[in-house]
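Beneath this line is the structure, given in structure tokens, with notes to follow.
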């Protein structure tokens with residue numbers, strides 16, 4: 001059986017991951033004796049995403065939008081309902097059994113909870129060797145031991161850590177062990193799911209700098225999943241903003257922060273405090289009404305229209321926007337947005353209005369579409 005990814009002779013910047021139409025729907029079961037499916041949770045619902053070799057792609061969005069589910073689906077830790085996940089030209093969604101197991105060497109994950117992701121009954125040496133042995137990388141005992149020492153040195157831990165158990169480390173040190181475990185099989189892609197959210201602020205900076213150093217040293221490609229916009233801006237080359245199972249905006253990091261085009265992105269960025277009292281008192285603040293709608297019963301049309309201050313009576317509630325390049329001066333072709341009215345909002349032709357929220361049908365009536373509360377002020381189309 002041959003390897004399905006050849007890492008040799010690939011130019012930097014070449015596409016490594018090219019996700020198309022990924023959907024992950026979880027069935028909602030009811031019944032005492034016989035389970036019947038009464039609906040689905042649309043955790044990921046139509047994701048298209050490209051990651052170039054050697055770059056860091058940041059994926060942001062509020063809790064419950066499907067970021068972590070997408071990251072797990074990318075690594076085939078969650079079963080896809082639909083879509084393709086080519087990694088290095090090979091569609092992971094078509095692989096099963098031994099072929100998929102071999103491919104896992106090229107993709108690894110750093111989990112959010114470092115303690116929960118490490119087996120408390122194994123030493124660090126056993127944790128690191130497990131993956132290497134599974135992929136035939138530890139046949140030489142002395143060579144494997146030297147490799148473990150190199151891995152610990154790369155993540156800033158002493159050789160003596162090999163004999164210790166996870167509970168003997170601090171949170172930051174445990175996350176370093178998790179990173180070393182991911183590196184142990186020489187992966188091309190690492191999915192980092194909230195890698196610093198469980199750590200103190202001072203430790204967060206250390207882990208982020210470590211990830212950047214390792215990327216330079218080993219030529220790694222990252223998908224960093226987070227909700228901390230400051231962390232994502234610091235570490236990412238490109239950023240995708242996710243809302244209720246799909247991307248609503250994608251751009252180079254500097255472009256996204258300089259000129260956000262989607263109303264949801266503008267709301268997210270307006271929530272970042274500015275350490276200048278004059279700017280803080282005068283800058284635009286966008287306060288969203290209501291909570292994230294249930295992924296078991298998402299709104300029709302644009303998923304954000306029930307909370308959007310720029311929503312219009314036509315198209316927004318009936319037609320789901322596609323991720324597209326907006327023909328505006330100063331907006332590069334790499335900047336894409338899923339909004340029907342992005343041009344009019346950017347030009348000021350459309351102004352924000354009050355939003356009261358949305359009524360969402362209960363889970364036992366999944367066929368009912370959510371609608372605006374009577375009295376919400378949707379402006380007529382210009």
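The values are calculated or read from the model by the stated rules, or taken from the named source; none is laboratory data. Quantities reported herein were computed from a predicted structural model and do not represent experimental measurements. Cβ: placed from backbone, ideal geometry, glycine included. Neighbour counts: every protein chain shown.
Across segment 90-104, what is the number of residues that are within 20 Å of the chain's Cα centre (by Cα) and without any contact (Cβ under 8 Å) to a residue 12 or more places away in the chain? Of the residues in segment 90-104, 1 are within 20 Å of the chain's Cα centre (by Cα) and without any contact (Cβ under 8 Å) to a residue 12 or more places away in the chain. Considering segment 216-300, there are no qualifying strands (runs of 3 or more DSSP E) wholly inside with 2 or more residues that are modelled with pLDDT under 95 and either more than 27 Å from residue 83 (Cβ to Cβ) or touching a strand residue (DSSP E or B) at 6+ places or on another chain (Cβ under 9 Å) (or both).
Within segment 325-353, the only residue that satisfies the criterion of being in contact with a helix residue (DSSP H, G or I) (Cβ under 6 Å, 6 or more places away or on another chain) and modelled with pLDDT of 95 or more is 335. So, residue 107, is that one closer than 25 Å to residue 211 by Cα and crowded, with 22+ Cβ neighbours inside 10 Å or not? Yes; evaluated as a whole, the condition is true for this residue.
A count restricted to segment 165-182 and to residues that are in contact with a helix residue (DSSP H, G or I) (Cβ under 6 Å, 6 or more places away or on another chain) and within 13 Å of residue 211 (Cα to Cα) stands at 4.
Can you find, within segment 146-191, the residue that is surrounded by the fewest Cβ atoms within 10 Å (Cβ to Cβ) among those that are part of a helix (DSSP H, G or I) and without any contact (Cβ under 8 Å) to a residue 12 or more places away in the chain? Ranking the qualifying residues of segment 146-191, first place goes to 160. Residues in segment 100-111 include none that are farther than 26 Å from residue 197 by Cβ and part of a loop (DSSP other than H, G, I, E, B). Scanning segment 112-145 for residues that are within 26 Å of the chain's Cα centre (by Cα) and assigned to a helix (DSSP H, G or I) gives 127, 128, 131.
If you go through segment 56-74 and keep only what is part of a loop (DSSP other than H, G, I, E, B) and crowded, with 19+ Cβ neighbours inside 10 Å, you end up with 61, 65, 66. Scanning segment 260-275 for residues that are more than 19 Å from the chain's Cα centre (by Cα), without any contact (Cβ under 8 Å) to a residue 40 or more places away in the chain and either farther than 11 Å from residue 287 by Cα or buried (at least 20 other Cβ atoms within 10 Å of the Cβ) (or both) gives 273, 274, 275.
When 87, 80, 92 are checked against the criterion of being under 20 Å from residue 25 (Cα atoms), buried (at least 22 other Cβ atoms within 10 Å of the Cβ) and touching a strand residue (DSSP E or B) at 6+ places or on another chain (Cβ under 8 Å), a single residue qualifies: 92.
Each row is one residue, and each column tells you yes or no for (1) closer than 22 Å to residue 127 by Cβ; (2) free of Cβ contacts under 8 Å to residues at least 60 places away in the same chain; (3) under 16 Å from the mean Cα position of the chain (by Cα).
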{"position": "41", "(1), (2), (3)": "no, no, no"}
{"position": "66", "(1), (2), (3)": "no, no, yes"}
{"position": "79", "(1), (2), (3)": "no, yes, no"}
{"position": "106", "(1), (2), (3)": "yes, no, no"}
{"position": "109", "(1), (2), (3)": "yes, no, yes"}
